[in-house]
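Trainee: Have a look at the structure that comes next, please.
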Amino acid sequence: MYSEQMYELGSKSSMIREIFEYGKQRAAVVGPENVFDFSIGNPSVPAPDTVKKAIEELVLEGDPVLLHGYTSAAGDMGVRKAIADNINERYQAGVKPELMYMTAGAAAALCSVIRGLACPGDEFIAFVPFFPEYTVFVNSNGGKLVSVGVREKDFQIDLDILAAAVNEHTKAIIVNSPNNPSGVVYKEETIQALAKFMKEKSAEYGHPIYLIADEPYRELVYDGLEVPYLPNYYDNTLVCYSYSKSLSLPGERIGYVLVSPKVEDAQKVYAAVCGAGRGLGYVCAPSMFQFVVGKCVGQTSDISIYKYNRDLLYDNLTSYGFECVKPDGAFYLFMKASEADAVAFCERAKKYDLLLVPCDSFGCPGYVRISYCVQPDMIKRSLAAFEKLAAEYK
Ligand code: PLP
């Protein structure tokens, strides 16, 4: 016999993956230039040249035994120090390399944090719309995911809605900003109010409610916007970071967990996170890419193309009458489906080979996600199809 829960996870792929696979099949039939696949969040800009240079240096001049060997379980100390120094320079956060745990991307970071914190009966809150894998990460690592609504006009956090969901079982609140899929960046005043609320609730229930900052899109912001660094606003914060999007390295699986030094019993919480990673069999994050990101601290892929794509899509789609949230960051456009059932709307879009993702599994029925980490040419070619789709609802 096998685990029913794991069977369920393994036998069904996510809606995003299903649409992505459909796109590949469709491209084989009608030609890739005629399929407008906006399904997946794979960066469309290459990693910066510094990444290539770092790889070359490491492979040609580095010690191959060290390069391909195990690092310490938490990651190479030199790499952790380089990252922590850069964070302290940018945010004056006083973070410590001793409280940093290198991981295989944000997915492994989130799983390690959730498993490290979860005790029986614990609840983890996520604001809608949220990355659908949160449901998997939380529910298969000992917690229960609780989805909480936000203010519909701007998708900012609404403390009254949150207050109704927080109780003595609340272990943590996950904050993903810039947000996948809405592209919203939570404002500084929103974060300040959230921090105050969480502090009061932690005192009321007599245990810390942790803030899990899921930050794969931190560097992907437009128009000079600043993303508040959450450990500077709330003490009991654990950051889950990833280089998948900021350095366009999703397949290399590299990121980290950072336990803020201001977390209550930080050393013990950190040990629990490392223990969770050990239990999950992570051993150590990919060694070569630990060294690569260590050499590329402070670097980001050229994101100007994402801003260009955002403007191109937003301006055109709103001119056709679609209702969209203007994204401040990440590379997703969140759009209201033109009928109540977003799945039916996406099926209709398929008629024009427009592949959009319904946001039901993001906790937001009635909306769709459009990933604009694609070539601008594809967007330009797709506009006539969007216009025809809009016309169907006029
Ligand atoms: N969190 C969010 C909000 C994401 O969008 C993603 C990936 O798309 C992840 C976590 C996982 O990222 P990684 O590739 O670093 O595991």
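The values are calculated or read from the model by the stated rules, or taken from the named source; none is laboratory data. Just so you know, these numbers come straight off a predicted model, no measurement behind them. Glycine gets a Cβ as well: all are built from the backbone with ideal geometry, and neighbour counts include every protein chain shown. In case anyone asks, the SASA skips ligands and DNA or RNA and just uses the protein heavy atoms, side chains included. Shrake-Rupley method; radii C 1.70, N 1.55, O 1.52, S 1.80 Å.
Trainee: Regarding E215, is this residue within 15 Å of the ligand (Cβ to nearest atom) and surrounded by fewer than 23 Cβ atoms within 10 Å (Cβ to Cβ)?
Mentor: It is false that E215 is within 15 Å of the ligand (Cβ to nearest atom) and surrounded by fewer than 23 Cβ atoms within 10 Å (Cβ to Cβ).
Trainee: Please work out if C373 is closer than 18 Å to P48 by Cβ, open to solvent by less than 20 Å² (accessible area, probe 1.4 Å), at pLDDT 95 or above and within 16 Å of the ligand (Cβ to nearest atom).
Mentor: Spelling it out, C373 is indeed closer than 18 Å to P48 by Cβ, open to solvent by less than 20 Å² (accessible area, probe 1.4 Å), at pLDDT 95 or above and within 16 Å of the ligand (Cβ to nearest atom).
Trainee: Need the failing condition index for A104 against (1) open to solvent by 20 Å² or more (accessible area, probe 1.4 Å); (2) more than 17 Å from A172 (Cβ to Cβ); (3) more than 10 Å from the ligand (Cβ to nearest atom), just the number.
Mentor: Of everything listed in (1) open to solvent by 20 Å² or more (accessible area, probe 1.4 Å); (2) more than 17 Å from A172 (Cβ to Cβ); (3) more than 10 Å from the ligand (Cβ to nearest atom), A104 misses just condition (3).
Trainee: Would you tally the residues in the range 115-132 being over 23 Å from L247 (Cα atoms), within 12 Å of the ligand (Cβ to nearest atom) and not small (G, A, S)?
Mentor: 2
Trainee: Only one of these is within 16 Å of the ligand (Cβ to nearest atom), more than 30 Å from G143 (Cβ to Cβ), part of a helix (DSSP H, G or I) and more than 20 Å from the chain's Cα centre (by Cα): V59, V51, V29. Name it.
Mentor: That would be V51, the only listed residue that is within 16 Å of the ligand (Cβ to nearest atom), more than 30 Å from G143 (Cβ to Cβ), part of a helix (DSSP H, G or I) and more than 20 Å from the chain's Cα centre (by Cα).
Trainee: Identify the single condition in (1) more than 16 Å from the ligand (Cβ to nearest atom); (2) touching a residue at least 60 places away in the same chain (Cβ under 8 Å); (3) in contact with a Lys or Arg (Cβ under 9 Å, 6 or more places away or on another chain) that T170 does not satisfy, given that it satisfies every other one.
Mentor: Single failed check for T170: (2).
Trainee: Since I191 meets every condition but one in (1) within 19 Å of Q92 (Cα to Cα); (2) of a type in the set (V, I, T); (3) away from the ligand (no atom under 16 Å from the Cβ); (4) open to solvent by 10 Å² or more (accessible area, probe 1.4 Å), which condition does it not meet?
Mentor: Going through (1) within 19 Å of Q92 (Cα to Cα); (2) of a type in the set (V, I, T); (3) away from the ligand (no atom under 16 Å from the Cβ); (4) open to solvent by 10 Å² or more (accessible area, probe 1.4 Å) one by one, I191 breaks only (4).
The rows are residues; the columns are (1) under 18 Å from the mean Cα position of the chain (by Cα); (2) more than 22 Å from S361 (Cα to Cα).
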position	(1), (2)
F127	yes, no
K153	no, no
L159	no, yes
V175	yes, no
V184	yes, no
A195	no, yes
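Trainee: Further question: May I ask you to list pairs of residues, at least six apart or on different chains, whose Cβ atoms are under 6 Å apart, with the first in the range 133-152 being within 12 Å of the ligand (Cβ to nearest atom) and the second being open to solvent by less than 20 Å² (accessible area, probe 1.4 Å) and modelled with pLDDT of 95 or more?
Mentor: From residues that are within 12 Å of the ligand (Cβ to nearest atom), the pairs are Y134/A126; F137/L110; F137/C111; F137/I114.
Trainee: Something else: Does S244 meet the test of being modelled with pLDDT of 95 or more, within 16 Å of the ligand (Cβ to nearest atom) and farther than 22 Å from V128 by Cα?
Mentor: Yes, satisfied.
Trainee: Let me ask something additional. Could you count how many residues in the range 293-314 are touching a residue at least 60 places away in the same chain (Cβ under 8 Å) and either open to solvent by 10 Å² or more (accessible area, probe 1.4 Å) or closer than 10 Å to I254 by Cα (or both)?
Mentor: Number of matching residues: 13.
Trainee: Could you run through the range 221-262 and say how many residues are farther than 19 Å from I83 by Cα, of a type outside the set (S, T, Y) and crowded, with 20+ Cβ neighbours inside 10 Å?
Mentor: 2
Trainee: To continue, here is another question. Of the conditions (1) open to solvent by 100 Å² or more (accessible area, probe 1.4 Å); (2) farther than 30 Å from L383 by Cβ; (3) in contact with a helix residue (DSSP H, G or I) (Cβ under 9 Å, 6 or more places away or on another chain), E61 fails just one. Which one is it?
Mentor: The number of the failed condition is (3).
Trainee: Cβ-Cβ distance below 9 Å, separation of 6 or more or different chains: which pairs start in the range 264-286 with a residue that is outside any helix (DSSP H, G or I) and end on one that is basic (K, R)?
Mentor: Sorted first by the residue in the range 264-286, then by its partner, the pairs are L280/R115; A285/R253; P286/R253.
Trainee: Consider L280 against the criteria (1) open to solvent by 40 Å² or more (accessible area, probe 1.4 Å); (2) closer than 26 Å to A82 by Cβ; (3) more than 16 Å from the ligand (Cβ to nearest atom): it satisfies all of them except one. Which criterion is unmet?
Mentor: It fails just one condition, (3).
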